[in-house]
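Participant: Sharing a structure here in structure tokens format.
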Number of protein chains: 2
Amino acid sequence: MSARNTLANIRIVLIQTSHPGNIGSAARAMKTMGLSELYLVKPKSFPDEQAVTMSSNATDILENATVVDSVQDALAGCHLVVGTSARHERTLAWEVLEPRECSQKITKQTKTGGVAILFGRENSGLTNDELALCHYLVHIPTNPDYSSLNLASAVQILSYECRVASETGDSQTKADETEEVATADAMEGYYKHLETAMIESKFLDPETPKHLMTRLRRLYGRVKVTPSELNILRGMLVAFQKKK
Amino acid sequence: MSARNTLANIRIVLIQTSHPGNIGSAARAMKTMGLSELYLVKPKSFPDEQAVTMSSNATDILENATVVDSVQDALAGCHLVVGTSARHERTLAWEVLEPRECSQKITKQTKTGGVAILFGRENSGLTNDELALCHYLVHIPTNPDYSSLNLASAVQILSYECRVASETGDSQTKADETEEVATADAMEGYYKHLETAMIESKFLDPETPKHLMTRLRRLYGRVKVTPSELNILRGMLVAFQKKK
């Protein structure tokens with residue numbers, strides 16, 4: 001299943017959002033990450049010009065958004081419900097997950113059915129009745145001294161994590177970038193050349209070599225020089241040697 | 001080292017930001033994740049009322065922001081420079097990392113020195129000269145059909161990943177690879193010196209430079225040269241220059 005299909009099964013549910021601008025920013029955040037299904041539970045003002053402005057051309061998300069009167073209506077057809085929580089609800093019986101772990105669970109679930117992620121009111125979050133509808137809670141880690149995460153920023157981070165989880169799920173078989181590296185022989189040729197040039201220039205005294213070559217081998221060994229880079233390094237040495 | 005100290009060593013550098021509101025939103029995004037050091041390179045308008053409004057009480061970040069005239073000035077004292085890129089720069093030799101892997105490298109580096117994350121202009125990103133200053137690029141995965149990630153959203157996601165990495169890094173207390181890396185200033189000094197020596201030796205024709213410096217910057221940028229290795233490289237250049 002492609003990332004696209006996986007992400008299409010994730011529904012973002014915004015509950016009683018006060019600022020229509022936040023709905024627009026959330027739509028933009030969703031779309032950048034490939035999410036498309038937006039449900040709005042009793043938004044204060046929608047449709048609204050400010051939402052359109054803040055959506056920055058993610059207007060299709062707004063046009064296709066479903067406005068409903070109750071959270072239950074927003075969950076129709078979903079098999080997994082995740083609630084976002086600004087607090088670490090440690091005293092409660094809910095399992096509180098980090099975004100990363102949560103997104104992995106969400107991605108797994110999308111292969112067989114829909115998932116809803118609930119975002120509460122800007123000021124007061126989710127009510128206890130809404131929390132009771134959730135299978136898990138997810139908490140985005142924040143600075144304990146300033147946890148003022150904007151609604152759209154929370155949507156952005158969770159959408160991003162869902163995208164990363166869906167891509168990772170897809171392509172564990174990523175043909176790992178096999179950039180060409182100069183052969184060991186070619187590097188040996190360079191080290192000999194470098195040593196000669198250093199002796200000629202009197203930078204290296206063969207009587208007291210002070211591990212210079214060892215240190216330079218370590219340096220260039222770490223970098224994994226490509227064949228074309230090695231050509232530059234050797235050409236430069238030739239030029240330095242010729243210099244009158 | 002606590003997450004707090006790790007995050008204090010991460011500098012967010014915004015280059016020629018057009019919309020002051022984006023600077024404010026970026027400050028808020030940083031603060032929610034515990035980052036505090038903001039550098040602004042030639043912002044179009046700063047200080048600005050709109051920045052304050054959008055910062056939502058993260059005004060301390062704005063008040064302490066450092067405004068500079070050049071990217072080089074914004075990198076003073078940083079040992080690792082990471083550039084954000086909207087495109088997957090597959091054709092270039094830069095190593096392009098995912099935010100997750102990148103944040104792990106950043107967190108490791110913060111244990112011994114400062115790290116700068118560069119964000120380019122809203123419309124055009126980073127210039128080639130700015131890219132050349134970076135050790136790595138980081139690319140936030142987005143919807144290929146709509147990759148319109150807001151500047152502050154990009155700051156939010158990378159700050160979030162840095163926070164998660166620093167919290168994870170804490171619990172692992174991995175003491176490995178804390179080797180010192182030469183500062184960006186010191187590397188710039190080396191590149192200038194190298195360029196001069198190459199021109200003197202006629203290896204580099206300033207009229208037709210053929211990306212030579214760019215390629216060498218990429219090579220040495222990848223390797224993370226230590227201060228003592230840099231001494232060797234510079235000493236060698238001096239010897240090559242003196243050679244009769």
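Participant: Considering only residues that are touching a Ser or Thr at 6+ places or on another chain (Cβ under 7 Å) and among the small types (Gly, Ala, Ser), look in region B:121-152 and name the one that is modelled with the highest pLDDT.
Facilitator: Out of the qualifying residues, it is B:ALA152.
Participant: Same structure, new question: Scan region A:20-30 and tell me whether some residue there is assigned to a helix (DSSP H, G or I), of a type outside the set (Lys, Arg), in contact with a Lys or Arg (Cβ under 8 Å, 6 or more places away or on another chain) and without any contact (Cβ under 8 Å) to a residue 60 or more places away in the chain. Working first, answer last.
Facilitator: Narrowing region A:20-30 to residues assigned to a helix (DSSP H, G or I): A:20-30.
This time we only want the ones that are of a type outside the set (Lys, Arg), so: A:20-27, A:29-30.
Now restrict to residues that are in contact with a Lys or Arg (Cβ under 8 Å, 6 or more places away or on another chain): A:20.
Then drop every residue that is not without any contact (Cβ under 8 Å) to a residue 60 or more places away in the chain, which leaves A:20.
Among the residues of region A:20-30, at least one is assigned to a helix (DSSP H, G or I), of a type outside the set (Lys, Arg), in contact with a Lys or Arg (Cβ under 8 Å, 6 or more places away or on another chain) and without any contact (Cβ under 8 Å) to a residue 60 or more places away in the chain, which makes the answer yes.
Participant: Taking region A:1-13, which residues are among the hydrophobic types (A, V, I, L, M, F, W, C) and away from every other protein chain (no Cβ under 11 Å)?
Facilitator: Result: A:MET1, A:ALA8, A:ILE10, A:ILE12, A:VAL13.
One line per residue, one yes/no per condition, for (1) in contact with a Ser or Thr (Cβ under 9 Å, 6 or more places away or on another chain); (2) of a type in the set (S, T, N, Q); (3) closer than 26 Å to B:HIS139 by Cβ; (4) modelled with pLDDT under 85:
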site	(1), (2), (3), (4)
A:VAL155	yes, no, yes, no
A:SER159	yes, yes, yes, no
A:ASP176	no, no, yes, yes
A:VAL181	yes, no, yes, yes
A:MET198	no, no, no, no
A:THR208	no, yes, no, yes
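Participant: Name the residue, out of B:THR196, B:THR208, that is in a helix (DSSP H, G or I), hydroxyl-bearing (Ser, Thr, Tyr), surrounded by fewer than 16 Cβ atoms within 10 Å (Cβ to Cβ) and not assigned by TED's automatic domain parsing to the domain that holds B:THR112.
Facilitator: Result of the check over B:THR196, B:THR208: B:THR196.
Conditions (1) buried (at least 16 other Cβ atoms within 10 Å of the Cβ); (2) assigned by TED's automatic domain parsing to the domain that holds A:ASN9; (3) closer than 23 Å to A:THR6 by Cα, marked per residue:
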{"site": "A:HIS79", "(1), (2), (3)": "no, yes, yes"}
{"site": "A:ARG87", "(1), (2), (3)": "no, yes, no"}
{"site": "A:SER124", "(1), (2), (3)": "no, yes, no"}
{"site": "A:THR127", "(1), (2), (3)": "no, yes, no"}
{"site": "A:CYS134", "(1), (2), (3)": "yes, yes, yes"}
{"site": "A:VAL138", "(1), (2), (3)": "yes, yes, yes"}
{"site": "A:CYS162", "(1), (2), (3)": "yes, yes, yes"}
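Participant: Going through A:SER228, A:SER171 one at a time, which residue ends up being at pLDDT 85 or above, loosely packed, with under 14 Cβ neighbours inside 10 Å and of a type in the set (Gly, Ala, Ser)? Step through it out loud before you land on a result.
Facilitator: Details: A:SER171 fails: at pLDDT 85 or above.
A:SER228 is the lone residue from the list that is at pLDDT 85 or above, loosely packed, with under 14 Cβ neighbours inside 10 Å and of a type in the set (Gly, Ala, Ser).
Participant: Kindly check whether there is at least one residue in region A:43-52 that is within 14 Å of chain B (Cβ to nearest Cβ), modelled with pLDDT of 95 or more and out of contact with any His (no Cβ under 8 Å at 6 or more places or on another chain).
Facilitator: Looking for residues that are within 14 Å of chain B (Cβ to nearest Cβ), modelled with pLDDT of 95 or more and out of contact with any His (no Cβ under 8 Å at 6 or more places or on another chain), one finds none in region A:43-52, hence no.
Participant: Taking region B:211-225 only, how many residues are modelled with pLDDT of 85 or more and in a helix (DSSP H, G or I)? Steps first, please.
Facilitator: Within region B:211-225, the subset modelled with pLDDT of 85 or more is B:212-220, B:225.
Keeping just the survivors that are in a helix (DSSP H, G or I) gives B:212-220.
The number of residues fulfilling the criteria is 9.
Participant: If you take the residues in region B:194-244 that are at the interface with another protein chain (Cβ under 10 Å from one of its Cβ atoms) and acidic (Asp, Glu), which one is nearest to A:ASN231 (Cα to Cα)?
Facilitator: So, considering only residues that are at the interface with another protein chain (Cβ under 10 Å from one of its Cβ atoms) and acidic (Asp, Glu), the one nearest to A:ASN231 (Cα to Cα) is B:GLU200.
Participant: Residues being within 15 Å of A:LEU35 (Cα to Cα) and either touching a Lys or Arg at 6+ places or on another chain (Cβ under 8 Å) or not polar (S, T, N, Q) (or both): count how many of those fall in region A:101-110. First the steps, then the outcome.
Facilitator: Keep residues of region A:101-110 that are within 15 Å of A:LEU35 (Cα to Cα), which gives A:103, A:106-107, A:110.
Subset that is either touching a Lys or Arg at 6+ places or on another chain (Cβ under 8 Å) or not polar (S, T, N, Q) (or both): A:106.
Matching residues across region A:101-110 total 1.
Participant: Residues A:SER56, A:SER36, A:SER103: which one is in contact with a helix residue (DSSP H, G or I) (Cβ under 7 Å, 6 or more places away or on another chain), within 14 Å of chain B (Cβ to nearest Cβ) and closer than 22 Å to B:SER25 by Cβ? Before the answer, list the steps.
Facilitator: Numbers: A:SER36 fails: closer than 22 Å to B:SER25 by Cβ; A:SER103 fails: closer than 22 Å to B:SER25 by Cβ.
Of the residues listed, the single one that is in contact with a helix residue (DSSP H, G or I) (Cβ under 7 Å, 6 or more places away or on another chain), within 14 Å of chain B (Cβ to nearest Cβ) and closer than 22 Å to B:SER25 by Cβ is A:SER56.
Participant: Which number in (1) more than 14 Å from chain B (Cβ to nearest Cβ); (2) touching a Gly at 6+ places or on another chain (Cβ under 7 Å) marks the one condition that A:GLN16 misses?
Facilitator: All conditions are met except number (2).
The values are calculated or read from the model by the stated rules, or taken from the named source; none is laboratory data. Predicted model only: the values in this text are computed from it and were never measured. When we count neighbours, we look across all protein chains shown, and the Cβ atoms used for this are built from the backbone with ideal geometry, even at glycine.
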